[in-house]
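The next block holds one structure in the form of structure tokens; read it before the comments.
The numbers here are math on the coordinates, done by the rules we state, and not lab data. Computed from a predicted structure; not experimentally measured. Please note: Cβ atoms are built from the backbone with ideal geometry, for glycine as well, and neighbour counts cover all protein chains shown.
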Amino acid sequence: MSKNIESAKDIYVVAEQRDGKVAKVTHELLGEANILAKDLGEKVIAVVIGANVADQAQEMLEYGADEVIVVEDDRLGEYITEPYTKALVQMIEEYDPNIVLFGATSIGRDLAPRIAARVHTGLTADCTHLDIDMQKYFDFLKATSTADRDAIERKLGMDDKTLKMTRPAFGGNVMATIRCAEYRPQMATVRPGVMKLVEKQVGKQGKVTIMKPDLTDEDFNVEIVDIAKSEGKIVDITEAKVLVSGGRGIGSAAFYGELQKVADRLGGEISSSRANVDAGWIEKARQVGQTGKTVRPDLYMACGISGAIQHLAGMENSEYIIAINKNEDAPIFEVADLGIVGDVKVIIPKLYEALDKYFEEHQIN
Amino acid sequence: MKIVVCIKQVPDTNEVKLDPVTNRLIRDGVPSIINHDDKSAIEQALRIKEELNDGTTVTIVCMGPPQADVALREALAMGADEAYLLSAREFGGSDTCATAIIISTALKRIGFDLVLTGRQAIDGDTAQVGPQIAENLGVPQVSYAEEVTVNGKEVLVKRQYEDRYHMIKVQMPCLLTALQELAEPRYMHAGGIIDAYNKDITVWGFDDLKDGLNPDDIGLMGSPTRVVTSFGKMQKGAGVKYDVPAEEAVQIIIDKLEERHLI
Ligand SMILES: Cc1cc2nc3c(=O)[nH]c(=O)nc-3n(C[C@H](O)[C@H](O)[C@H](O)COP(=O)(O)OP(=O)(O)OC[C@H]3O[C@@H](n4cnc5c(N)ncnc54)[C@H](O)[C@@H]3O)c2cc1C
């Protein structure tokens, strides 16, 4: 058990930025932290780290932080594990947080474990739901799960104020709630796209503290010799929130362009059945299925995919599945939440137009 | 040079299901495999060994129950030189933090220049053990490795991010976590399989590591995180299917996307 159980206070959100632009997941975390902080009676503190990032403090306040700590050093422009770890460990030692949240991105998932090991505390990866309040936690379980409420109440009581961190495991077949009761800070990485934003409060004020971390040149123990920004994005389709997936039924490689437009509108990526990968229409990295990737996005839109068992193996755990297929007996409909019997070549362009119109009406860009 | 690859034996998660009554995982009859990312790490280690052809060796380390020796045999059959199984009652129930403490204690005893792990395991998906081993060993890590080249004491790694790559130069000793794309694993060959069964697997229990291991930091009781409960998701109701004109179909899709906060 760590000594600071009583003293540790407040929810810290480690902001993520690349090239000076704050990642969306940071805004989502600030929104979620706000809800948790109210249940705890504590504050939300955003931690901005990088080179020349002080001007992001205002954005943090507007998205829900009560206070901001700016950890700044000219050498922290691009992410490097060790100096980021060292600087944030100094922050943790100085401020004694109760909870520290990170985005479950390729930065957060590299950085948070290293920090957790250094301060010797628990870390829960890739959370999709967080609770402090027991009643809210039970409401969540009741709405989504088969969990045994009484057993949990016997174990934790109704007054428990630890962070209940819920995440998928075993390829999404199971959900688990995890706690770190005896160590502080309680740490979690949170999957991008799952937490809701709170309304931005333009012009909101709050305390901003600048912290100069104590770093030496030896801390920069790896050298970035080149940075290649991918023209198209480099994708790991397993991390995409939305996948618009094309099978042989799309008819040509060119039609992926149409699927891409829809995917862009939904903040997603395109993916594929194996048939089209074998045909050379799309790269192997985007193949879903037994010999491709296993995905579980919030939305999987199967366009002209028959739903062979090897394909289903890679996507049937998706949160929501829409299938468009002109054969009403296609097996894909058996796993689809919403099935549309029809021609993808007609429906997809119309869907894109309709989305465009929808965003225009709702003034979203 | 000594390369050590840390692997995990995992259930093929596509076949794992939850018992709706007991809320326990049904693992009976579910095949166990070497975790995909880890297998790609083994392949990468073997390629480095073959390319250098200078006496470089590949050692495999796996923490798990006694049955995990099957995974080690498979790695030996692919061409690894030696294998260690870390197996003890005291290790059971370890979270990532405790697991990394056990594995890094073993690695300190085994010795290493380059440590490879998979990025993440398909059962837990945490991606935490690799970085936490690196921390305990006090060596730099590069995770999400997509390409690896060794030049003398230096390793050049193509490190993947969502929107970019970093080409990173790092000095050994260091630890890399492998993406599945890093190296397509070879098949075991017949000679290799026979050799694999003639090689010894070193089994280390708690006593073999106790000099460097605080019993309070490992196993279920030593783990900072604990599972409160695990549960199945509510079965979703049977889906609906519409065979309607395109305009109508599109409207149905839009309504659903809105209802589910996808737009
Ligand atoms: C060992 C093994 C491993 C495999 N691994 C994978 C894997 O990882 N991933 C994978 O995907 N497959 C895998 N396969 C292949 C799999 O069995 C199928 O062959 C493949 O998934 C079929 O791809 P498809 O659905 O795109 O094509 P098809 O099966 O040809 O289906 C095309 C579908 O499009 C529909 N269609 C046609 N025109 C239109 C239109 N205009 N509008 C709407 N719908 C239309 C048709 O009705 C049909 O249902 C594997 C096979 C084996 C043997």
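Which residue fluctuates most in the GNM of chain B (Cα springs below 10 Å): B:Lys17, B:Lys241, B:Lys39? Result: B:Lys241 has the largest fluctuation of those listed.
Both radii come from the Cα set of the range A:237-358: Rg as radius of gyration, Rh as Kirkwood radius; their ratio Rg/Rh reads 0.92. Calculated [222 nm] ellipticity per residue, helices only, for chain B: -9000 deg cm²/dmol; basis is -39500 (n - 2.57) per DSSP H run with n ≥ 4, divided by all residues, nearest 500. If R₀ is 25 angstrom, what is the calculated FRET efficiency for the pair A:Lys38 and A:Gln363, using the beta carbon separation as r and rounding to 0.05? The calculated FRET efficiency here is 0.30. Rounded to the nearest 5, the antiparallel percentage of DSSP beta bridges internal to chain A is 20%. For a paramagnetic label modelled on A:Ser252 (point 7 Å from Cα along Cα→Cβ), amide N atoms under 13 Å away belong, within the range A:317-354, to A:345. Counting 0.36 nm for each residue step from A:Glu78 to A:Glu94 and taking away their Cα separation leaves a gain of 3.4 nm.
Based on Cα contacts under 8 Å between residues 6+ apart, chain B shows a relative contact order of 24 percent. If R0 equals 41 Å, the separation of the Cβ atoms of B:Asp54 and B:Lys210 corresponds to a calculated FRET efficiency of about 0.70. Using a simple spin-label model with pseudo-atoms 7 Å out from Cα toward Cβ, B:Ser32 and B:Glu247 lie 6.1 nm apart. With a threshold of 23 Å on the Cα-Cα distance, the over-threshold entries among A:Lys38/A:Lys207; A:Lys261/B:Lys158; A:Lys293/B:Lys39 are A:Lys261/B:Lys158.
The loop-placed GluC sites (Glu not before Pro) in the range A:231-321, going by DSSP, that have at most 11 neighbouring Cβ atoms within 10 Å of their Cβ come out as A:Glu231, A:Glu283. Annotation: extensible slack from B:Glu259 through B:Asp113 equals 47.2 nm (criterion: 0.36 nm per residue apart, minus Cα-Cα distance). Overall, the anisotropy analysis places the range A:11-219 in the prolate class: the square-rooted eigenvalues a ≥ b ≥ c of its C-alpha gyration tensor yield a/c not less than 1.5, with a/b exceeding b/c.
The long axis of helix A:24-40 is offset from the longest Cα principal axis of chain A by roughly 50 degrees.
By DSSP, the beta bridges lying fully in the range B:2-217 are antiparallel in about 40 percent of cases. Entry note, chain A: the mean residue ellipticity at 222 nm calculated from DSSP H runs of n ≥ 4, each adding -39500 (n - 2.57), is -9000 deg cm²/dmol after division by the residues and rounding to the nearest 500.
Using C-alpha pairs under 8 Å with a sequence gap of at least 6, the mean separation divided by the residue count of the range A:124-231 gives a relative contact order of 31 percent. Note: relative contact order over chain A, using C-alpha pairs below 8 Å and six or more positions apart, is 15 percent.
How far is helix B:69-78 tilted, in degrees, relative to the longest principal axis of the Cα atoms in chain B, given as a value from 0 to 90 rounded to the nearest 10? Value to nearest ten degrees: 70. A cut-off under 13 angstrom between Cβ atoms defines the neighbours of B:Leu209, and their net charge, with Lys, Arg +1 and Asp, Glu -1, is -2.
Computing FRET efficiency as 1/(1 + (r/R0)^6) for A:Asp356 and A:Thr209, where r is the C-beta to C-beta distance and R0 is 45 Å, gives about 0.55.
Beta bridges from DSSP with both residues in the protein assembly as shown: antiparallel share about 35 percent, rounded to the nearest 5. With a 10 Å cut-off between alpha carbons and a GNM built on chain B, which of B:Leu46, B:Leu213, B:Leu72 moves the most? Result for chain B, Cα springs under 10 Å: B:Leu213 fluctuates most. The GluC sites (Glu not before Pro) found in the range B:131-169 include none that occupy coil by DSSP while having at most 12 further C-beta atoms within 10 Å.
Give me the net charge of A:Lys155's neighbourhood, meaning all other residues with Cβ under 14 Å from the Cβ of A:Lys155; Lys, Arg count +1, Asp, Glu -1. Its environment carries a net charge of 0. Need the C-alpha centroid separation for the range A:183-248 versus the range A:121-145, integer Å. First find each Cα centre; the distance between them is then 22 Å.
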